[in-house]
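The values are calculated or read from the model by the stated rules, or taken from the named source; none is laboratory data. Just so we're clear, the structure is a prediction, and the values are computed from it rather than from any experiment. Virtual Cβ from ideal backbone geometry, glycine too; neighbours counted across all protein chains shown.
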Number of protein chains: 2
Amino acid sequence: YKIESELRRSILINAIVSLIGFFVTVTMIPVASKYVLRRNLFGYDINKKGTPQGSVKVPESLGIIVGAVFLVVAILFQYFNFTADSNWLVEYNAALSSICFMMLLGFVDDVLDVPWRVKLLLPSIAALPLLMAYAGHTTIIIPKPLVSYVGLEILDLGCIYKLYMWLLAIFCTNSINIHAGINGLEVGQTVVIAAAILIHNIMQIGASADPEYKLAHAFSIYLVQPMLATSLALLSYNWYPSSVFVGDTFTYFAGMTMAVAGILGHFSETLLIFFLPQVLNFLLSVPQLAGIVPCPRHRLPKFDPQTGLLTGTNDGTLVNLFLRQLGRMSEQSLCVTLLVFQSAVVACYLQRLFLNHKNSDTF
Amino acid sequence: YKIESELRRSILINAIVSLIGFFVTVTMIPVASKYVLRRNLFGYDINKKGTPQGSVKVPESLGIIVGAVFLVVAILFQYFNFTADSNWLVEYNAALSSICFMMLLGFVDDVLDVPWRVKLLLPSIAALPLLMAYAGHTTIIIPKPLVSYVGLEILDLGCIYKLYMWLLAIFCTNSINIHAGINGLEVGQTVVIAAAILIHNIMQIGASADPEYKLAHAFSIYLVQPMLATSLALLSYNWYPSSVFVGDTFTYFAGMTMAVAGILGHFSETLLIFFLPQVLNFLLSVPQLAGIVPCPRHRLPKFDPQTGLLTGTNDGTLVNLFLRQLGRMSEQSLCVTLLVFQSAVVACYLQRLFLNHKNSDTF
Ligand SMILES: [Mg+2]
Ligand SMILES: [Mg+2]
């Protein structure tokens, strides 16, 4: 794959500032943990209840550090982006507004414990800056397998496209937030999807000859790369056994950032494929979220302090489905299994894409 | 004064959405107060210590509601602004990013109690989106009385202008935050300054013939009008005796919004004149902030529960200076006196400006 030198330079600079962001995040999380604990922002690890670890106060909402460092990195990066034109800046700043607003609402939710039905609405407010400033095209590319059914390859949706963007942002943000509950899963899935988005962007930049198309994918890189770097820093603390929790601040921030990248990078259909496990988890959750089946406060597996294993409950989540199908598992194995599943999904798609590119090269 | 019909229409629509914002804020503050109290985000009213009111838990950080409503109003308003060009949108979205980021950091500070020397640095981070996206001219108009000393009427500063913008944003934000401590003062000063900015903008739009100049002042109106409306809603709860406190969330939000309006509206010199009492308070505070004179946690007057009057201490604040000069006073009279002083300053300036306009009309 060949990337123009200017674009490569911008991406490299972005990688460097992201790396700095990684180290800043690693340094700041322990400091912030003390402040968070002092304010009684902590949680007990429910999946360790009955063991000594279950009575440790784990600091909550450390996503705020990830988010703040991300914002600083993303803002400072604007200074280095040489391909800047005014339209790019509008969308970039609108993206930052949406992400920052989402982070604010997430942190407010962590601190004040908004009722969960209201919670589902928060992303719809935070996505507004993006919708307002969106100046891109309003067409979607129908995925290949569906072309024969729809009869079109590209569908121009006009105003409905904005509605689609809105729903996508709401969906991505909430779906990361509800695919959670075991150590490392929130950040782990974010890292897997973000890595997939990055690889996809680089492949597309390499395969395409259209400069605007390249720029759209570069745009996504500029947002996803710093998010990946800062999330990895958080993962080092949040991995089993978690010494910090991430809070809705993180899940909202991560979900909105990926949604924004997908929308402004014009690959929202691919994004939905990367989100397949989250889509599955959402579909499993629908009966409980809609109130058809009673919904407890936490829809977590049952922990047995004797064996240290988790047993699936009947709550409609992917976590429980995996436990019911694969049998009892330790928390760590379960998280690894779920992340392997997510990785398998994205790897399948990326491989098919790679083969497609290769085939079209030979013609 | 004559305003073009399109601009007048935009301003009118902004006024209407601001009014809706006012009612939403009034409705939401009591609801949010309960959530805030549940999370132990409250303060005791130090200036009522020793009376029954001094032991009431007053909910803190209600600025978050004002800020969130402001953001929604300001975002939705973009939809109605018909004079939109791309450059306008960049700056508007950068402004929203800066304001939202400042609000986030302010709320984090309220929740986690950042050490106060770190606190002074937070606005310098939040002002970054604005600096990065700023595309306007880099000249300042030397105030009339100084022209003879400097020898120039307009000074082009180039890169130094961005530094100036940065320092202005940091100053405005912190100076509102440290001119505080008695019921209603934080919101009261904001309301007075915001009203002054609005009047100034309308006068300038009326007096000028340059469409770009008009647009810059309209830009400021679009930000300040919703802020004024939502702040008034907060004032109705924060006025003596306060049933809610505003938190650094509010002071940071208000300070940054006015700084942004001044910078992007290109009247930062006038803004500094409106901030004269805050400048005075800052100068009085310098010895303590710099650590030359020891600085207590709160630099408040002394309250006498018997008489209900406040006595000035030797701490370097305008509040204490007024009490030392004018003698003991009740908290409410003190707040009114300080706000009258602020109003007198802005009224003087606006009147001079009005007379200037009138004189130039006759020529
Ligand atoms: Mg959550
Ligand atoms: Mg304060």
Meets criteria (in contact (Cβ under 8 Å) with a residue 24 or more places away in the chain and in contact with a strand residue (DSSP E or B) (Cβ under 9 Å, 6 or more places away or on another chain)) for A:L350: no
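Check whether at least one residue in segment B:40-53 is among the aromatic types (F, W, Y) and either touching a Cys at 6+ places or on another chain (Cβ under 7 Å) or farther than 17 Å from A:L105 by Cβ (or both), and report yes or no.
yes
In segment B:165-180, what residues are away from chain A (no Cβ under 14 Å) and either within 16 Å of ligand 1 (Cβ to nearest atom) or touching a residue at least 60 places away in the same chain (Cβ under 8 Å) (or both)?
First, the residues of segment B:165-180 that are away from chain A (no Cβ under 14 Å): B:165, B:167-168, B:170-180.
Answer for segment B:165-180, where residues must be away from chain A (no Cβ under 14 Å) and either within 16 Å of ligand 1 (Cβ to nearest atom) or touching a residue at least 60 places away in the same chain (Cβ under 8 Å) (or both): B:M165, B:L168, B:F171, B:C172, B:T173, B:N174, B:S175, B:I176, B:N177, B:I178, B:H179, B:A180.
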From the options B:L284, B:L276, B:L272, B:L234, residue that is aliphatic (A, V, I, L, M) and within 21 Å of B:L122 (Cα to Cα): B:L272
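Given A:I205, A:I199, which one is crowded, with 22+ Cβ neighbours inside 10 Å, more than 25 Å from A:L105 (Cα to Cα) and more than 16 Å from ligand 1 (Cβ to nearest atom)?
Details: A:I199 fails: crowded, with 22+ Cβ neighbours inside 10 Å.
Unique residue meeting the criteria: A:I205.
What about B:Q204, is it in a helix (DSSP H, G or I) and within 16 Å of ligand 2 (Cβ to nearest atom)?
Working: in a helix (DSSP H, G or I): yes; within 16 Å of ligand 2 (Cβ to nearest atom): no.
No; evaluated as a whole, the condition is false for this residue.
Find the helices (runs of 4 or more DSSP H) located wholly in segment B:52-124 whose residues include 2 or more that are surrounded by 24 or more Cβ atoms within 10 Å (Cβ to Cβ) and touching a residue at least 12 places away in the same chain (Cβ under 8 Å), and list them.
On the way: elements: B:63-77, B:86-112, B:116-119.
Hits in segment B:52-124: B:63-77, B:86-112.
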Complete set of residues in segment B:151-197 that are assigned to a strand (DSSP E or B) and at pLDDT 90 or above: none
Evaluation of A:M132 against (1) among the hydrophobic types (A, V, I, L, M, F, W, C); (2) away from ligand 1 (no atom under 15 Å from the Cβ); (3) not in a helix (DSSP H, G or I) (one fails), failing number: (3)
Count of residues meeting criterion [within 16 Å of ligand 1 (Cβ to nearest atom), under 14 Å from A:T25 (Cβ atoms) and in contact with a Ser or Thr (Cβ under 8 Å, 6 or more places away or on another chain)] in segment A:235-248: 2
Residue match in segment A:263-276 (condition: at negative phi, modelled with pLDDT of 95 or more and touching a Cys at 6+ places or on another chain (Cβ under 8 Å)): yes
Number of the exception - B:P296 against (1) part of a helix (DSSP H, G or I); (2) within 16 Å of ligand 2 (Cβ to nearest atom); (3) out of contact with any Phe, Trp or Tyr (no Cβ under 8 Å at 6 or more places or on another chain): (1)
Every pair of residues 6+ apart whose Cβ atoms lie under 7 Å, when the first sits in segment A:11-40 and is within 11 Å of another protein chain (Cβ to nearest Cβ) while the second is hydroxyl-bearing (S, T, Y): A:V36/A:S61
Candidates B:V66, B:V90, B:V72, filtered to the one that is more than 9 Å from chain A (Cβ to nearest Cβ), over 25 Å from B:A290 (Cβ atoms) and in contact with a helix residue (DSSP H, G or I) (Cβ under 9 Å, 6 or more places away or on another chain): B:V66
Residues (hydroxyl-bearing (S, T, Y) and in contact with a strand residue (DSSP E or B) (Cβ under 6 Å, 6 or more places away or on another chain)) located in segment A:119-175: A:T139
Within segment B:187-196, tally of residues that are buried (at least 24 other Cβ atoms within 10 Å of the Cβ) and more than 14 Å from B:F267 (Cβ to Cβ): 3
Residue in segment B:148-160 that is more than 7 Å from chain A (Cβ to nearest Cβ), surrounded by fewer than 20 Cβ atoms within 10 Å (Cβ to Cβ) and in contact (Cβ under 8 Å) with a residue 60 or more places away in the chain present: no
Some residue of segment B:210-226 being away from ligand 2 (no atom under 16 Å from the Cβ), away from chain A (no Cβ under 14 Å), surrounded by fewer than 15 Cβ atoms within 10 Å (Cβ to Cβ) and in a loop (DSSP other than H, G, I, E, B): yes
Subset of segment A:161-174 (residues that are among the hydroxyl-bearing types (S, T, Y) and surrounded by fewer than 23 Cβ atoms within 10 Å (Cβ to Cβ)): A:Y161, A:Y164
Lone qualifier among A:D248, A:D304 - being away from ligand 2 (no atom under 16 Å from the Cβ), surrounded by fewer than 20 Cβ atoms within 10 Å (Cβ to Cβ) and of a type in the set (D, E): A:D304
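Kindly provide the set of residues from segment B:230-268 that are of a type in the set (G, A, S), in a helix (DSSP H, G or I) and under 23 Å from B:V111 (Cα atoms), ordered by number.
B:S231, B:A233, B:G247, B:A254, B:G255
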Selection count where residues are of a type in the set (V, I, T) and within 16 Å of ligand 2 (Cβ to nearest atom), scope segment B:144-190: 7
Selection count where residues are more than 19 Å from the chain's Cα centre (by Cα) and either among the aliphatic types (A, V, I, L, M) or facing chain B (nearest Cβ under 9 Å) (or both), scope segment A:111-128: 5
Flag if B:G291 is assigned to a helix (DSSP H, G or I), away from every other protein chain (no Cβ under 14 Å) and away from ligand 1 (no atom under 16 Å from the Cβ): no
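From B:L264, B:L280, B:L232, which residue is under 13 Å from the mean Cα position of the chain (by Cα) and more than 16 Å from ligand 1 (Cβ to nearest atom)? Outline the logic, then answer.
Working: B:L264 fails: under 13 Å from the mean Cα position of the chain (by Cα); B:L280 fails: under 13 Å from the mean Cα position of the chain (by Cα).
Every option except B:L232 fails the conditions.
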